[in-house]
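The values are calculated or read from the model by the stated rules, or taken from the named source; none is laboratory data. A quick note: this is a predicted structure, and the numbers were derived from the prediction, not measured. Note: ideal-geometry Cβ built from the backbone for every residue, glycine included; neighbour counts use all protein chains shown.
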Amino acid sequence: MKNFISSIAPDLLFKDGIWFAKETSAISYPPEGNDACFELEDTSFWFKHRNNCIKTVIEKFASTKTLFDIGGGNGYTAKALENADIQTVLVEPGISGVLNAQKRGVKNLVCATLKNAKFRPDSIPNLGLFDVLEHIEDDSAFLHELHSVLQADGKLFITVPAFNFLWSEDDKLAGHFKRYTISKLKKTAFKAGFDVAYASYFFSVLTLPVFLLRTIPGFFNIKKVTETKKEHKAGKLQVVFDNIWKKEVKRIKNGKKIPIGSSLLMVLNKRT
């Protein structure tokens, strides 16, 4: 993989097991964001279920089991994909995230934005964009960038937060610019040169709690009292949640859609 990365991104510099871009760019993500997530990921039902959904669509739709995880943070997803025999390259602009991923044992690490990595056109087999697009103000332009570096037979796998009616102060603090619906993301992706192979919502059971505990308090300027760490633990509802998540993964595996959820999953084909 080292030779492959150097061949498609010759401007990157390799040091201490990490590829670095020569230039850096500002991103819409809190400086402490990666370290905060690092404390949550390994025990969070949310991150675990998202990983299971992501692995399911990659195994179902990707013809080549090699994927570049763009904006992949601490490598929680990249490591899970590696463990599932999907060769993964983490591309993350935040050095704290890359170092955390290195601690996790992620093998292939690139510390760069997509733009600064300067990948060659039509060079990447598959791309993952997992809760990243909402941090990009000009999402259409960014999707065009992804289109240009993706191979003709490759896939783009995306997860994003769903539905504007779930917008809350948490979105602002996380550096989000928007939330999405399937129709909205499909339209934006089509303009960037992609066709939809599959789309579904997930985290169906979280839609109402997110609205009640995050969105509604924001309407009345009520400070959220629930700690983020507690939100990521199912507690006594663990068994109930596990059954719901298994059903969601099964529907996704069978190509069926989930009609509502706090997150959105989409698989895109590059239109040539």
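I'd like to check something: does the range 235-245 contain any residue that is at pLDDT 95 or above, surrounded by 14 or more Cβ atoms within 10 Å (Cβ to Cβ) and touching a Lys or Arg at 6+ places or on another chain (Cβ under 6 Å)?
No, the range 235-245 has no match at all.
Can you report the number of residues in the range 81-90 which are surrounded by 21 or more Cβ atoms within 10 Å (Cβ to Cβ), of a type in the set (A, V, I, L, M, F, W, C) and more than 13 Å from the chain's Cα centre (by Cα)?
So the count comes out to 2.
Let me confirm something: among Ala36, Ala26, which residue is surrounded by fewer than 20 Cβ atoms within 10 Å (Cβ to Cβ), in a helix (DSSP H, G or I) and modelled with pLDDT under 95?
Working: Ala26 fails: in a helix (DSSP H, G or I).
Ala36 is the lone residue from the list that is surrounded by fewer than 20 Cβ atoms within 10 Å (Cβ to Cβ), in a helix (DSSP H, G or I) and modelled with pLDDT under 95.
Have a look at Ile18, Ile58, Ile8 and point out the one that is under 18 Å from the mean Cα position of the chain (by Cα) and hydrophobic (A, V, I, L, M, F, W, C). If you could, list the steps in order and put the result at the bottom.
Numbers: Ile18 fails: under 18 Å from the mean Cα position of the chain (by Cα); Ile8 fails: under 18 Å from the mean Cα position of the chain (by Cα).
None of the others qualify; the one that does is Ile58.
What number of residues in the range 47-106 are without any contact (Cβ under 8 Å) to a residue 60 or more places away in the chain and among the aromatic types (Phe, Trp, Tyr)?
Counting residues in the range 47-106 that are without any contact (Cβ under 8 Å) to a residue 60 or more places away in the chain and among the aromatic types (Phe, Trp, Tyr) gives 1.
Within the range 54-75, which residues are surrounded by 24 or more Cβ atoms within 10 Å (Cβ to Cβ), in contact with a helix residue (DSSP H, G or I) (Cβ under 8 Å, 6 or more places away or on another chain) and either part of a strand (DSSP E or B) or of a type outside the set (Val, Ile, Thr) (or both)?
Within the range 54-75, Leu67, Asp69, Ile70, Gly72, Gly73, Asn74, Gly75 meet the criteria.
Look through Leu166, Leu150, Leu133 and report the one residue that is closer than 18 Å to Met266 by Cβ, surrounded by 24 or more Cβ atoms within 10 Å (Cβ to Cβ), touching a helix residue (DSSP H, G or I) at 6+ places or on another chain (Cβ under 7 Å) and of a type in the set (A, V, I, L, M, F, W, C). Don't jump to the end; show me each part of the working.
Working: Leu166 fails: surrounded by 24 or more Cβ atoms within 10 Å (Cβ to Cβ); Leu150 fails: touching a helix residue (DSSP H, G or I) at 6+ places or on another chain (Cβ under 7 Å).
When all the criteria are applied, what remains is Leu133.
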